[in-house]
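Readers should treat all values here as calculations from the given coordinates under stated rules, not as data from a laboratory. Everything numeric in this text was worked out from a predicted model, so none of it was measured. Cβ coordinates were reconstructed from backbone atoms using ideal geometry, including for glycine residues, and neighbour counts include every protein chain displayed.
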Amino acid sequence: MNVWVYDSDDKLNEAGAGIISGIVQTNPRAVLGLATGGTPVGIYKQLVGDFERGMFSFRGVTTFNLDEYVGLPENHPESYRAYMNEHLFRHIDLPSGQAHIPDGNAPDLEAECRRYDERIEDAGQLDLQLLGLGHNGHIGFNEPAHALIKGTHVVDLAEETRKANARFFPSLDEVPRQALTMGVGTILKSKTILLVVKGADKADIVRRALQGPITTDCPASLLQTHPHLVVLLDRAAAEKLS
Ligand code: PGA
């Protein structure tokens, strides 16, 4: 695992965007796994700036997002489709048919999960998966559990996760209780994993994820087994690492 620690948010975002754009420059038909949440916003902003400066094109790229809430209308401002449109998709030349997000409003959610996995399989697996880290060690919405699920599935969100995400909603009551998430098996099959974590409130979980025992109680700890894991941290998130 390669761990890089940054004193400046700008440098961290530049590094993250540079890894993603490097993959697209090397392979214009790259398959990217994308994430939402507060953490990647600066990386997407940097990526959009680099795209506008003509450094690369997303025309041949295919993307798969990690997750989506169940039951939020697609145009709801907090749906992950809306997030991706706002922060990345509407600014770049990625054809809309190549930008995949699980459909949390599908009439048959189990069938939607299978369809999503088939799409990823057809695309030939992910070249890069971008990940944030939940306070409880979740990746995507793979919450701590006795056993983790390999493929895309419906998940009941942990109360801690709903509370963490309540900052984006008018009240906790409006945070959805379920989501669709890519499974840990798919994430671990990605050729490269880019884990990005910021903030002192994540320092404990960063230590557990990267230096603690590998356990399904902390899904991110499974990333320790990945041969190409790149971790970008700000100084505060890194402060408890030995
Ligand atoms: P955040 O979420 O980037 O909003 O902190 C990370 C996560 O829960 O995976």
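Rounded to the nearest 5, the antiparallel percentage of DSSP beta bridges internal to the chain is 25%. Each Lys and Arg Cβ is given +1 and each Asp and Glu Cβ -1; about its Cα centre, region 1-141 then shows a dipole of about 380 debye.
Suppose R0 equals 41 Å; then what is the FRET efficiency for His146 and Asp93 from their Cβ-Cβ distance, rounded to the nearest 0.05? Provide the component values of the computation, followed by the final result.
Details: r = 44 Å, r/R0 = 1.07.
Calculated transfer efficiency: 0.40.
Under 5 Å between amide hydrogens, built in the peptide plane, is the criterion, and for Gln129 it picks out Gly33, Thr192, Ile193, Leu194 among residues at least 5 positions away or on other chains.
Over 23 Å between Cα atoms: which of Lys11/Lys45; Lys150/Lys191; Lys163/Lys191; Lys11/Lys202; Lys11/Lys150 fall into that group? As for pairs spanning more than 23 Å Cα to Cα, those are Lys163/Lys191; Lys11/Lys150. According to the Kirkwood relation over distinct C-alpha pairs, the hydrodynamic radius of region 2-234 is 17.7 Å. Note that region 53-68 has calculated 3J(HN,Hα) couplings of 7, x, 6, 6, 10, 9, 4, x, 7, 10, 10, 10, 7, 5, 7, 7 Hz, one per residue in order, obtained from phi through the Karplus relation 6.51 cos²θ - 1.76 cosθ + 1.60 (θ = phi - 60°); glycine and proline are x.
Helix-derived [θ] at 222 nm for the chain: sum -39500 (n - 2.57) over DSSP H runs of at least 4, divide by residue count, nearest 500? After summing the helix terms and dividing by the residues of the chain, the value is -9500 deg cm²/dmol.
Summing +1 for each Lys or Arg and -1 for each Asp or Glu, what net charge is found among the other residues whose Cβ lies under 11 Å from the Cβ of Leu12?
Values: positive: Lys11, Lys198, Arg235; negative: Asp7, Asp9, Asp10, Glu14, Asp234.
After counting each charged neighbour, the total is -2.
In percent, rounded to a whole number, the relative contact order of the chain is 24, using alpha-carbon pairs under 8 Å and six or more apart. Distance from the Cα centroid of region 163-230 to that of region 117-157 is 9 Å (rounded to whole angstrom). Compute the signed sum of charges (Lys and Arg +1, Asp and Glu -1) over the other residues within less than 13 Å, Cβ to Cβ, of Ser171. In short, 0.
Please list, by residue number, every one of the trypsin sites (Lys or Arg not before Pro) in region 133-188 that is coil in DSSP and has at most 16 other beta-carbon atoms within 10 Å.
Values: sites: Lys150, Arg162, Lys163, Arg167, Arg177; in loops: Lys150, Arg177.
Answer by residue number: Lys150, Arg177.
Work out how much length Asp173 to Asp156 would gain on full extension: take 0.36 nm times their residue separation and subtract the Cα-Cα distance, in nm to one decimal.
Working: separation 17, 0.36 × 17 = 6.12 nm, distance 1.46 nm.
So the chain would gain 4.7 nm between Asp173 and Asp156.
Which net charge results when you count Lys and Arg as +1 and Asp and Glu as -1 among the other residues whose beta-carbon is under 13 Å from that of Asn105?
-4
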